[in-house]
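Written out below as structure tokens is the structure these notes cover.
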Amino acid sequence: MQPAPPGRGRWRGARAGALPLRLRPFAPVATRLQTWQAEWQAGFGRALALEAERRRPFLWLPVAMGAGILLYFAADREPALWAPVLGFALSAACAFLLRTRRVAAMACLAAAAAFAGFAAGVWRTADIAAPMLDRPRIGKLTGFVETVEARDVGARLVVLVTNIAGVPAEARPKRVRVNIRAGSVAPGDHIVATARLLPPPGPARAGGYDFGRDAFFRGIGAVGSISGKVALAPPPHPLPPRLALDVVIDQARNALTRRIAEAGGGQGGAVAAALVTGKRGLISEATNNDLRAAGIYHIVSISGLHMVLAAGTIFWLVRALLALSQTAALRWPVKKIAAAAAMLGATAYCVFSGGDVATERSLIMTLVMLGAVLVDRAALSMRNLALAAMIVLLREPEALLGPSFQMSFGAVAALIAFAERWEGRSRAHPPPALVWPLGPLWAAALGIIVTTLLATAATAPFGAYHFQTFNPFGLLGNAMALPFVSLFVMPAAVFGVLAYPFGLDWPAWALMGLASDVVLNVAHWVAAIDHSTVMIAAFGPAVLICFVLALLWLTLWTTAWRWLAALPLVFGVAIAGKPERPEILIERDGSGLAVRGADGRLAIAGRPSRFVLQQWLAADGDGRSPDDPTLRAGVACDALGCVARTGDQRAVSHARDRLAIIEDCLRADLVVTAIPWSGACKARLIERMGLARDGATSLYRSRSGWSSRISEHSDSERPWSRRRPPPAAQSAPAAASPASGADDDAGPL
């Protein structure tokens, strides 16, 4: 017998001989699979070693921290602080002890970061916890006016409460947000007025935007409106020092807002004022819609773009002025001085603009990147972005759930990742030089197009998840509008702010208003294009997680295995392409409902609030306006209620009278009413007491009838959860429920 040849053939022959007789024909396939497995493991090890050498695993620490924050918000009751703190300590200790074993140490560090995120959520909630209003109330409200935001009609106030009639001190909200239709008040005034206050409402649909949670983390315990005259009253105590400072800042913001709006004129002046002071109340809804359709609404929200442009303008101005001096240019660290001045200017800009959540996050990112200049590091790097993300998440864990954090960090991560790839490619293959002036112009145009494409692709999943919209012409809008914002609007804003104390600011605001008018004309032109706004049916968190994982995997790794990001991306697209739409949507107070008819579109019965109806239509991917008359098509109504039919001809009744409930329980398949009802009903009944317990309810078609999903679970006891009324309150007359227009005061904060 001849010996087996050496090498692979010998190994293959030995393996084949070791296989059972019936499996020997498959030996080549098994051998190839084993070879591929060995090669893949070796390649994985080499890639991981290379990523570790490039210090890329550090970038996953904020991802692990975010996972811990998500676990905190998934809890059905408020956790104890000691548990995540202990977990963090043990994980950190294990990481130190296992520091010589790379994979084990990284796993322990990831666990420590997750425990840190969880602990940050517990600490943040306990730190800002304040009572939420227990039920709708009408009575005297007294308090200090914190902020005033002028609107087309009236103003919106945030009031630091000193007393609410009928509410004991231990259950009194810390601050409330109210609208006034007439009258004039100023920040710092102590007012007394008759207010109609509501608890911050929960989601308008199961899985939808949770206004109550956002209000809790902003310290707002009630929303509503003031009817009648607003009077000044003697305060029970002096202004708190922090409030006194906030009042001075808000008064200055209001004065500058009026100055810019008057000098700029029209909606251009209103947009210019919003860019500088953050006060967006003067911008009309039509202008907001045009900006959204053109994909450039981000320019009126003071966030990363404005912070970078403002800090960049200050950086360039200080550096250019110092460079005029030969002594300063040769002997002083001009770049670092300019970076320090830009940090001070960005901080002042954040404070003056009101210190909104998105603005504070942008400030942290800007300070981290400018701080890198002070220590001779690259300003734009993924490590700086990771540090900024960790600072933001530790300071404001709730930011992770909002679109601002997700979109800003997602866009910046995509841009930095592309810059890293482009820089490496440019070193290996230098691009050909272009003749001046075509070179700079071409580079600038290409830069705007590429960055807009990248930012749009990175933020599109978040916009679709939170707002159910996609703007396909956003590239066109940004390419046409951002040059005016970068070259005229923001530089004029910086010079206007510097000239404002001297009374020489009018030309800057006039120029800013003209440039803003150009931006608005661009927005209006883009918005007029057919399908400038595409409605997308709402998809669940699992789809968003797939998109986020794909974005992170693609941007945080540098080796070829980053292309595995295609797997979660394809999976997410496949799920999002077939969304599960509810057959019936019921408002949280029973005042209205939507039924999917035979044509597949929603029809409205009852009188749901405009805000809730907008949420329903957006989540369904329906572009109709809440005023569209076709929303009432196919619904039969009389004085006692309405009847609609589903696609399979099941009758759904919305009853407004007790006699109608008795009749419809015998004839309909589903009866919905805002009246408390405990009597027998042959049909399925959803009434006021059940809705008070479960919140907004969605019904899905099933073989046995309908399966339901609710927005508020009775076993969830979190500080921002809506309080369940006691049985006596649940049995109160339906007239005590909020009016159908009440939710118009409960728009996004």
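The values are calculated or read from the model by the stated rules, or taken from the named source; none is laboratory data. All figures in this text were calculated on a predicted structure; none of them were measured in a lab. Reconstructed Cβ throughout: ideal geometry from the backbone, glycine too, with neighbour counts over all protein chains shown.
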State yes or no: is Met106 outside the structural domain of Thr555 (by TED's automatic domain parsing), on the phi < 0 side of the Ramachandran plot and at pLDDT 95 or above? no
So is Leu317 over 29 Å from the mean Cα position of the chain (by Cα) and not in a helix (DSSP H, G or I) or not? no
Within the stretch 465-527, helices (runs of 4 or more DSSP H) holding 2 or more residues that are in the same structural domain as Leu613 (by TED's automatic domain parsing), surrounded by 18 or more Cβ atoms within 10 Å (Cβ to Cβ) and of a type in the set (Gly, Ala, Ser): none
In the stretch 651-687, anything surrounded by fewer than 16 Cβ atoms within 10 Å (Cβ to Cβ) and among the small types (Gly, Ala, Ser) is listed as Ser678, Gly679, Ala680
Is at least one residue of the stretch 718-735 among the charged types (D, E, K, R) and at pLDDT 85 or above? no
Of (1) of a type in the set (A, V, I, L, M, F, W, C); (2) closer than 30 Å to Ala67 by Cα; (3) without any contact (Cβ under 8 Å) to a residue 24 or more places away in the chain; (4) out of contact with any Leu (no Cβ under 8 Å at 6 or more places or on another chain), Val375 fails just (2)
Look through Ala64, Ala105 and report the one residue that is surrounded by fewer than 18 Cβ atoms within 10 Å (Cβ to Cβ) and out of contact with any Asp or Glu (no Cβ under 9 Å at 6 or more places or on another chain). Ala105
Considering Ala603, Ala594, Ala618, Ala598, which residue is farther than 19 Å from Gly695 by Cβ, at pLDDT 85 or above and not in a loop (DSSP other than H, G, I, E, B)? Ala603
Could you please give the count of residues in the stretch 536-552 that are touching a residue at least 40 places away in the same chain (Cβ under 8 Å) and crowded, with 18+ Cβ neighbours inside 10 Å? 9
Among the listed residues Ala272, Ala293, Ala263, Ala338, which satisfies the condition of being in contact with a Lys or Arg (Cβ under 6 Å, 6 or more places away or on another chain), buried (at least 16 other Cβ atoms within 10 Å of the Cβ) and at pLDDT 85 or above? Ala338
Looking only at the stretch 187-210, count how many residues are more than 21 Å from Asp589 (Cα to Cα) and in a strand (DSSP E or B). 5
Look at Thr459 and say whether it is among the β-branched types (Val, Ile, Thr), at pLDDT 80 or above and more than 16 Å from Val412 (Cβ to Cβ). no
If only one of Pro168, Pro173 is under 30 Å from the mean Cα position of the chain (by Cα) and over 30 Å from Gly266 (Cβ atoms), which one is it? Pro173
Among residues of the stretch 564-602 being under 11 Å from His654 (Cβ atoms) and either in contact with a helix residue (DSSP H, G or I) (Cβ under 7 Å, 6 or more places away or on another chain) or of a type in the set (Val, Ile, Thr) (or both), the residue surrounded by the fewest Cβ atoms within 10 Å (Cβ to Cβ) is Ile584
How many residues are touching a residue at least 60 places away in the same chain (Cβ under 8 Å) and crowded, with 24+ Cβ neighbours inside 10 Å if we restrict to the stretch 304-323? 2
Residue by residue through the stretch 165-183, note down the ones that are touching a residue at least 24 places away in the same chain (Cβ under 8 Å) and either in contact with a Lys or Arg (Cβ under 6 Å, 6 or more places away or on another chain) or part of a loop (DSSP other than H, G, I, E, B) (or both). Ala165, Gly166, Val167, Arg172, Pro173, Lys174, Asn179, Arg181, Ala182, Gly183
If we keep only residues of the stretch 661-679 that are small (Gly, Ala, Ser) and modelled with pLDDT of 85 or more, then the residue farthest from Tyr209 (Cα to Cα) is Ala668
Go through the stretch 211-240 and give me each residue that's modelled with pLDDT of 85 or more, over 25 Å from the mean Cα position of the chain (by Cα) and either closer than 14 Å to Val185 by Cα or in a helix (DSSP H, G or I) (or both). Ile226, Lys229, Val230, Ala231, Leu232, Ala233
Output the residues belonging to the stretch 459-473 that are within 12 Å of the chain's Cα centre (by Cα) and closer than 20 Å to Leu613 by Cα. Gly463, Ala464, Tyr465, His466, Phe467
